[in-house]
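Structure, as structure tokens:
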Amino acid sequence: MASSPTDPYTQAGVDTAAGDLAVELMKSAVRRTHGAEVLGGVGGFAGLFDATALLGYTKPLLATSTDGVGTKVAIAQAIDKHDTIGQDLVGMVVDDIVVVGAKPLFMTDYIACGKVVPERIADIVRGIADGCSATGTALVGGETAEHPGLLGVNDYDVAGAATGVVESEQVLGAERVRDGDVVLALASSGPHSNGYSLIRHIISGAGIGYGDHAADFGRTWGEQLLEPTRLYTSPLLRLIGQLGDGLHSLSHVTGGGIAANLARVLPRGTWVDVDRSTWSPSPVFRVLADLGGLDVQRTEGTWNLGVGFFAVVAPEAADAAIAALAADGIDTWQAGVVSTGPRPDGDYEQGAKGVDGGAVRLVGGYREAGAK
């Protein structure tokens with residue numbers, strides 16, 4: 001029943017009618033992610049997913065991940081553009097699941113806001129649904145919560161959780177990695193959803209508005225910084241199918257930067273020197289570093305600098321992997337080799353996120369912009 005002007009909940013700042021309208025506006029986008037395995041439609045207390053497909057597995061393992069988008073949402077709010085944040089959320093959540101070789105099954109989302117603006121909520125969820133469709137994930141449920149007095153009228157935050165499945169004998173990880181394996185770097189589309197507190201600090205310090213024109217990019221700063229996170233799940237699942245045992249581990253380069261995330265998927269006793277000269281950081285990172293008076297190397301623990309994923313593969317599979325990912329539109333190159341020999345002197349990243357894994361450092365200098 002729609003809220004009336006005398007409804008005490010409405011007077012307290014919660015508009016249930018607006019929430020109902022938001023659900024109506026997002027229904028068609030959410031339904032597009034549903035296959036025959038999703039039961040119950042939109043709006044139930046719980047999403048239902050037919051798990052009989054798991055009967056085809058010998059020993060199915062469920063993989064789960066949860067995350068948010070972080071302070072990137074502040075830029076979306078600043079320029080009132082909300083249709084890409086959802087893809088960022090899917091990238092942060094679902095692309096973590098594929099790291100273990102799992103196929104995503106379903107996802108749920110949570111949006112907390114100061115005031116439900118139906119069109120805004122629908123834009124966010126439409127982006128989530130589009131990302132779910134691109135990764136083969138069913139969006140089976142979610143929640144929009146209005147928190148007046150806690151969040152400003154135009155403030156919101158988003159989070160999500162997803163579940164996938166992988167055959168136990170096919171789980172990817174450090175235990176598969178061998179001496180001489182090749183480390184491939186997969187290009188990012190930009191900062192993705194990490195390091196935005198530093199980005200916003202730099203932009204603010206430079207006196208730049210998100211609506212200001214960014215001459216280096218031919219669009220506004222807000223539009224440039226809202227470039228959606230690249231989604232890797234479907235190309236990587238295809239790569240797993242093509243390479244089989246030739247693909248040993250994957251790393252999603254998110255919070256913590258380049259070296260720390262790669263170290264997490266290497267076995268203890270191994271080390272990798274990632275060669276900076278194999279790529280040039282994307283222009284957005286160079287421009288931001290210049291604005292902030294930073295050497296770009298100082299940001300390696302914060303930004304992905306153009307590398308969104310690592311794939312550790314058998315040497316004989318490297319060329320095929322590069323070609324397959326290129327066919328999926330992802331620029332990929334060899335950035336290092338796994339070694340179990342004596343480790344050179346120097347500072348290596350090891351033990352990030354509590355994982356007692358391998359050791360990684362970045363060596364050399366980055367390729368100049370535009371150089372091949």
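The values are calculated or read from the model by the stated rules, or taken from the named source; none is laboratory data. Just so it is clear, the structure is predicted and the values come from calculations on it, not from any experiment. Glycine gets a Cβ as well: all are built from the backbone with ideal geometry, and neighbour counts include every protein chain shown. With ligands, DNA and RNA removed, areas are computed over all heavy atoms of the protein, side chains included. Shrake-Rupley method; radii C 1.70, N 1.55, O 1.52, S 1.80 Å.
Give me a comma-separated list of calculated 3J(HN,Hα) values for the stretch 334-347, in order, Karplus coefficients 6.51, -1.76, 1.60 applied at θ = phi - 60°, integers in Hz, x for any Gly or Pro.
Karplus-based 3J(HN,Hα) across the stretch 334-347 equals 7, 10, x, 9, 6, 10, 10, x, x, 7, x, 5, x, 8 Hz.
So what's Rg/Rh here for the stretch 69-150, counting alpha carbon atoms and using the Kirkwood radius for Rh?
In the stretch 69-150, Rg relative to Rh is 0.99.
Per residue of the stretch 221-228, what does 6.51 cos²θ - 1.76 cosθ + 1.60 with θ = phi - 60° give for ³J(HN,Hα)? Whole Hz please, x for Gly and Pro, Karplus curve as stated.
So the J values, rounded to whole Hz, are 4, x, 5, 5, 7, 9, 3, x.
First select every other residue whose beta carbon is under 14 angstrom from the beta carbon of A214; then total the charges, Lys and Arg +1, Asp and Glu -1.
Summing Lys/Arg as +1 and Asp/Glu as -1 gives -3.
Assuming a viscosity of 0.890 mPa s and a temperature of 25 °C, what translational diffusion coefficient in µm² per second does Stokes-Einstein assign to the stretch 84-236, Rh being the Kirkwood radius over Cα pairs?
140
Mind jotting down the three principal axis lengths of the stretch 281-329 based on Cα atoms? Whole angstrom, largest first.
Taking the Cα atoms of the stretch 281-329, the three principal extents are 42, 20, 12 Å.
Quick one: plug the Kirkwood hydrodynamic radius of the chain (C-alpha pairs) into Stokes-Einstein at 10 °C, 1.306 mPa s, and report D in µm²/s.
73
Over the stretch 59-207, what relative contact order in percent results from Cα pairs under 8 Å that are six or more residues apart?
Relative contact order, the stretch 59-207: 37 percent.
Does the stretch 275-372 classify as rounded, prolate or oblate by the C-alpha gyration tensor (a ≥ b ≥ c root eigenvalues; a/c under 1.5 gives rounded; else a/b over b/c gives prolate, otherwise oblate)?
Here the stretch 275-372 falls in the oblate category.
For the chain, find the longest principal axis of its Cα atoms and tell me its angle to the long axis of helix 318-327, 0 to 90°, nearest 10.
For helix 318-327, the angle is close to 30 degrees.
Return one number: the angle in degrees, 0 to 90 and rounded to the nearest 10, between the long axis of the Cα atoms of helix 233-243 and the longest principal axis of the Cα atoms of the chain.
Between the helix axis and the principal axis of the chain, the angle is about 30 degrees.
Over 16 Å apart: what share of the alpha carbon pairs of the stretch 31-91 falls there, rounded to a whole percent?
67
Averaged across orientations, what area in nm² does the convex hull of the alpha carbons in the stretch 119-194 project?
Hull-based average projected area comes out at 8.7 nm².
Per residue, how much space in cubic angstrom lies within the convex hull of the C-alpha atoms of the stretch 149-243?
212
Report, in cubic angstrom per residue, the convex hull volume of the C-alpha atoms of the stretch 304-358.
It is 123 Å³ per residue.
R361: net charge of surrounding residues, Cβ under 12 Å, Lys/Arg +1, Asp/Glu -1, itself excluded?
Once positives and negatives cancel, what remains is -4.
State the answer as a single residue: which of L288, V265, V125 lies farthest towards the positive end of the charge dipole of the chain, with beta carbon charges of +1 for Lys and Arg and -1 for Asp and Glu, about the Cα centre.
V265
Which listed residue (F45, P344, A369) has the Cα farthest towards the positive end of the charge dipole for the chain, taking +1 on Lys and Arg C-beta and -1 on Asp and Glu C-beta about the Cα centre?
My answer, from the dipole projection, is P344.
Taking H placed 1.01 Å from N in the peptide plane, check which residues at least 5 places from T144 or on another chain put their amide H under 5 Å from its amide H.
I111
Before I look further, what does the chain give for accessible area per residue, probe 1.4 Å, in whole square angstrom? Show your work: numbers first, answer last.
Values: 16230 Å² over 372 residues.
On a per-residue basis, 44 Å².
Hand me the GluC sites (Glu not before Pro) from the stretch 273-372 located in a DSSP loop with no more than 12 other Cβ atoms within 10 Å, in residue order please.
Those that pass, being in a loop and sparsely packed, are E368.
Using each residue's phi in the stretch 95-111, evaluate 6.51 cos²θ - 1.76 cosθ + 1.60 at θ = phi - 60° and report the 3J(HN,Hα) Karplus result to the nearest Hz, with x for Gly and Pro.
5, 6, 5, 5, 4, 8, x, 7, 8, x, 10, 8, 9, 10, 10, 9, 10
Around G114, what is the net charge, scoring Lys/Arg as +1 and Asp/Glu as -1 over all other residues with Cβ under 9 Å from its Cβ? The partial results should precede the final answer.
Working: positive: K115; negative: E146, D155.
Once all neighbours under 9 Å are counted, the net charge is -1.
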